[in-house]
Structure formats: structure tokens, C-alpha cells
Amino acid sequence: MGQPQRHPLWADARWLLLISGIFSLSVALSNTFVNIYLWKVDKSYIPIGWYNLAVYALVPFAFVVASYIANRYYAVATLRIGVLLHAGFYLFALFGGTRAASVPFLLGMVMGAAQGFYWYSFNFLSLRVTKSETRDRFYGLNGAMVAIANMAAPILSGAIISGEDKFGPLNGYHVIFGVSLILFLVATVVSIKLKPQPISGRLSISQGLRLMKKRPWRHILTGCYIYGLREGVFLFLIGLLMYIATGSELRLGEFLFLQNFLSFLSFYLVGKIVRPGNRVRVLGVGALGMALAALIFLRPVSAAMIIAYGVSIAVALPVFIVPLQGLVFDTISRLDETGDQNDEQLIAREVAENGGRVTGIGVFLLVISSSPTSLTISRLAVVLGFVQLITWFVIAMGHRTHHGGSKQSGKVRWEAQNGALETGGRQSQP
């Protein structure tokens, strides 16, 4: 058999990848050490938990507001608003000093609004500027670019912050914020290259709720919620544990460099391997790899143990994430090929995933409040490290329901009970 046909990325997809890379570098420079800063002020997991809980609780609401603005104007406008809100967050954190750190929930709300606006726009635009044949490669390349940004930033940030004692208090943060501000500006300028993506139709929450009854979309949403249980905690926990184990921002930066270098390689390779026909199988491999990595937490928490886990998850996580993103956005595009109701599905997905994150962090706060020990954290990490296997099982069941029977090349049959039309090779256009 010949090689599968290679479909080029559209120009807007390439510009969106560039914006994502610049934005990720800017955020990584300033945001890598927010949780560390909160820890240094209070020496407690509780404020960090409340900060992250506020972030993920507000993101879905910001998605709804961003959707209304995008319907009135266009999605590139909300992308720029998201960038500016990120800049406002860092300005608040920088000049508010320890007073800002004393209100972690408020800090989290500002960051949640910023993330909601930016990621609504990125998700909407990525859906419009890709098609099924290029979607896995787009997300693979995006993951690789984000990994490159995350490699460059932590060591630079760690070195500057570690040298603060030489240069004076907060000087390191001033330098980092200044560089981030320049990068935010560059990302805003580059966004001019994106074509405005008009949104026809109006946002209908009731229609979004009706579509949630359809398979495999409800399986996708259930899977995203379950995966969010793990992600909400692990997004901040690993870096924090590494800092606590070493007491050095520079060592943390070096750890993150190693982790993101391996993540870059994994994202790049997975983006070349994953195709629409093998997404569920690859998703299962990634879920199993992540579960095996979580078993490392059965050992006592130490710098060596965190490094071993970081290396393992850096390789396994992209194997899970790339096919998951492809499945999510392909399902959205096939639910409504016109794109008129993509907003409702993006919001539904965000509510599901962030609902899982909030639940996971809530469990973390309850557990830590009663027993703030490293043993408790390790046990919780092992349990949460297995939930993505349930995500894979749920999504695989939904996928099997609609793709069972004879395989049809370039054709996906949506069953009549869902009221959806059968499509034959048509792809969503930007």
C-alpha cells in the first residue's frame, strides 16, 4: 500500500501556530513560578489550591463571555483580549507584591478570565483553520512548539530569580515581566495576519445541552471531565514538589527544561504517527503509559523520584493528548459541519474539563486540609494518575458505537437516532 496522502496546513493554521508559540513563551517566562511564589509567601498548599481552583472555575464563564463578544465581532478580537488580560494579571502580581499573594482566589479569577478568553479563541480558530486530515499534525506541531517555549523559559526565569539576591528584591521579576510584555505585544501584532473568522448564528445554550445527548459527543464530554480530575492537580503539583525537594528555582528550571525537551520530541513524533483511524488505539497506549508513570509515586517523594516521574510523563502524556484533541475537535466539526454551533460545543467541552479540574482540586484541598503530608500527596497522585484509563474506556465505547461494523474509507456514519446526517468525505472549511 502507498503512503497516506500528506495534506498541507493552511496559511492561517501556520500563523496560529506561531502565535501559540510566542504566547506560550511569554506565559512560561512569567507564569512558571506563580505557584512557587505563593508557596514562598505562605509555605502552605492551601493558597495554591485555592488559586488554581479559582482559575479553572472561572474559565468556562470567560468562554461564554468570549463567545458572545466573538459573535458580535470576531474570534481574533477575543484572542487579543485574552493576551491583554494575561498582561494585566502579571502587572497585578508584580506590583501587588505580597498583598497580591494574600488574595490567591482573586489572582486565580483574573488568570481564569485571561485563560478563558485566550483558549476560547485558540480552540475556535484551530477548529476553523484545520480539517480532519491536518488536525492531528496541527496539534502535534502545536504541542512541540509549546514544549520548545517551555524549554527556553524556565531556565532563564530560574536563573534570573535565583540571582535576585545579587540584583535586589523583585528585579528578577521586573526583567521577566518586561520580556513577557514585549512577547505579548509581538503576539498581538502577529494576530493581524489571521483572517477574521465570522460566526454565523447565535449562541444557544439550550441547543448545546440538546447536543450533549448525542453519542459519541456525550462520551467525549464524560471522558474530558474524568481526565480533568487528574489534570487540575498535576498541572501545579509536580513543579511545586520539585521546588520543595530542591529549594531552588534554578534546579526547577533545569527539571522543566529536561521535561519539556522530552515532551517536544514526543509531541513531534506522535503528530506524525496519529491518524484519524488509529486515534483510539494511540489514546489507550498513552493512558496506560501515564498510569504506569503514576506508580513511581509509590516511592518516597524526593528530587530523584520527581525527575523519574517527570521524564516518564513527558513521553507518555503527548501520546494521550494528541489523539484526544483530534477526537474532540473532529467530533465537534461533525456535529455541525456549518460551524454555526461550534461555540456551544467548545463551551460544553470547557465546562466538562474544567468541572473535572475543579472537582480534582477540591478533593486535593480536602485531603491536604486533613493530612498535609508527603505520603498523603503520593497516595492521591497514584489514584489520580489512573483516571485517564477511564477516559480512554469511555471514549472508546462511544467511538465503537458509531464506528462499528464495516470500515468505510473517508466516511463516518452518524446514526439516525442522533438526527445527524451521514457525511461522505466532506471536511469543515475555515
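Key figures
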| read-out | value |
| --- | --- |
| F95 paired with Y73, simple spin-label distance in nm, labels 7 Å along Cα-to-beta-carbon | 2.3 nm |
| Projected label distance in nm at V285 and V190, using a 7 Å step from Cα toward the beta-carbon | 3.0 nm |
| Cα gyration tensor shape of the range 251-363, rounded if a/c is under 1.5, else prolate or oblate by comparing a/b with b/c | prolate |
| Cα Rg, Dmax, the range 29-97, angstrom units | 14.7, 45 |
| Cβ charges +1 (Lys, Arg) and -1 (Asp, Glu), total dipole of the range 296-388, debye | 800 debye |
| Cα shape, the range 79-139, gyration tensor, a/c 1.5 rule | prolate |
| Separation in nanometres of the label points that stand 7 Å from Cα toward Cβ, at A11 and V41 | 4.6 nm |
| Cut-off 18 Å, label 7 Å out along Cα→Cβ of R218, residues of the range 315-332 by amide N | 331-332 |
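No lab work stands behind these numbers, since they all come straight from the coordinates. Note that the structure is a prediction, hence the values are computed from the model and not measured. Here Cβ is always computed from backbone atoms with ideal geometry, including for glycine, and neighbour counts include all displayed protein chains.
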